[in-house]
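Input: a single structure, listed below in structure tokens.
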Amino acid sequence: MKIYFLSSLPCALTLNGAYFGLTDRFERFADIALTDRIFVQFSPQNALPNGFFLTEDIRFHSPEGVEVYLLKDGIAVYARDFTPIDFALKTHAQKRFDSLLVTLFTQGATQLSIESEHGFFVQTLPAAFSQAQIGFFCELIFIHTQNALAIFTQTGDMLFHEQILDFNVENDELFVRIPLSDSLGRVAECTYSLSEDACARTACVLKQARERANVCPDGLLCFAFFESVLIGGDYAQFLSEQLQSRAQEILQFLGEFLWVVPTDKENECGLVRKIGERLFSLDYYTVEIQDGKITDIKN
């Protein structure tokens, strides 16, 4: 069976103690029989190794700190989380607002502490937030970098976390531009209503970078269609007239999914679905195209 290896940090990969190569976000693979119970270990430079036995159980339970993806031609294991070596306490930012004290610090992981009249709360953040700024709007806590924003209540509940282009707050409303990782260069311009314990989206408009919004680049029509379904865009524009009348049926046929993954075939994509804790499956769909429009979708 093909086993694909990926990691969030550059790692030395060993199989039963033998060096196999370097891993990162680009997959490497090996043909391995799960019955051989191979011991896999990812060893990054500045963190502790992540190791586990590769057995049949990986189809049903993902090892700690690892995401597992069930593919049509094998299994992909993505070593995502590593325990840091350095556990020294480092304070990055601190800000007070009346009785509220917010501290951004690193101790192993990047963390946010909130001290208020409601109590003491701690949240773990992605490492990129170690360079973030702290702000207060509508009694909410804003933690933001140049391209990311997280919003918390004073009791430590995360209300919002997105990659962003920019944001601003006027009165009790948040206006934010969110880039979409899609082939058509689209941006979501969203508006949120803010209160001391809520961040509710009230409007969302998709803007397209390309001048001709209804024209998809050659070879990307299949991918753009599934992306549009995922983000709530105008997916019907990619369908033939006959299929447009069945647009709602198509949504039910595809079901819910988390990501779209291109394959080596232009008319095929994999839809990623969550089936367990850190465990995912890919369902593959092909489309038939005629005169620049999708005329059929098959699973």
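List of remarks:
- Three-way shape call for the stretch 8-57 based on the alpha-carbon gyration tensor, with the a/c threshold at 1.5: prolate
- Using a Förster distance of 35 Å, the FRET efficiency for Asp283-Gln45 (Cβ separation, nearest 0.05): 0.45
- Summary of the geometry: the stretch 53-70 and the stretch 191-205, compared by the centres of their Cα atoms, lie 37 Å apart.
- With R₀ set to 35 Å, the beta-carbon distance separating Gln290 from Arg80 gives a calculated FRET efficiency near 0.30.
- Exposure ranking of Arg59, Arg25 by accessible area [1.4 Å probe, largest first]: Arg25, Arg59
- Ordered from largest to smallest accessible area (heavy atoms of protein chains, 1.4 Å probe), the residues His92, His144, His61 come out as His61, His92, His144.
- Antiparallel bridges, percent of DSSP beta bridges restricted to the stretch 1-111 (to nearest 5): 85
- The Cα center of the stretch 275-291 and the Cα center of the stretch 103-130 differ in position by 37 Å.
- For the stretch 244-297: rounded, prolate or oblate by the Cα gyration tensor [a/c cutoff 1.5]: oblate
- A straight chain from Ala200 to Ala88 at 0.36 nm per residue would run longer than the Cα-Cα distance by 36.6 nm.
- Dimensions in Å of the chain - Rg and Dmax from alpha carbons: 22.5, 64
- Three principal axis extents of the stretch 1-94 based on alpha-carbon atoms, in descending order, are 50, 26, 21 Å.
- Residue pairs exceeding 23 angstrom between C-alpha atoms, taken from Lys2/Lys265; Lys72/Lys207; Lys2/Lys274; Lys207/Lys274: Lys72/Lys207; Lys207/Lys274.
- Note on exposure: Lys293, Lys274, Lys90 ranked by accessible area (1.4 Å probe, complete protein assembly) read Lys274, Lys90, Lys293, with the most exposed listed first.
The values are calculated or read from the model by the stated rules, or taken from the named source; none is laboratory data. Note that the structure is predicted; figures quoted are calculated from it, not measured. FYI the Cβ positions are ideal-geometry reconstructions off the backbone, even for glycines, and counts take in every protein chain you see. Please note that ligands, DNA and RNA were not included when accessible areas were found on the heavy atoms of the full protein model with its side chains. Shrake-Rupley method; radii C 1.70, N 1.55, O 1.52, S 1.80 Å.
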